[in-house]
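Laboratory data are not the source of any read-out in this text; all were calculated from the coordinates shown. None of the values given here were measured: they were computed from a predicted structure. Neighbour counts run over all protein chains shown; Cβ positions are idealised from the backbone, glycine included.
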Amino acid sequence: MSARQTSPYDSIARKWLALAERRKAHFIELRESGRWRHYYKSAELLEAIRDAGRMCNAWARIVGMPEDDETSA
């Protein structure tokens, strides 16, 4: 199998991955601090965290990095 070729868009995809990871970290920090109660219902927060995890995995696939096993379910 051939190695993945670099693309001029790789740096852009890495930036989107970093943004998705920051978004996921923000939701986790909201949950841990308890501040989520001001903005979300419990089910809404869990869905937002799952969505952020799915986006991280999608961008990781595009970049060619391994996915996070925690959020791939």
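Of all the residues in region 4-30, those that are more than 13 Å from the chain's Cα centre (by Cα) and surrounded by fewer than 16 Cβ atoms within 10 Å (Cβ to Cβ) number 10.
Scanning region 11-53 for residues that are closer than 16 Å to residue 63 by Cβ and among the aliphatic types (A, V, I, L, M) yields 12, 13, 17, 18, 19, 20.
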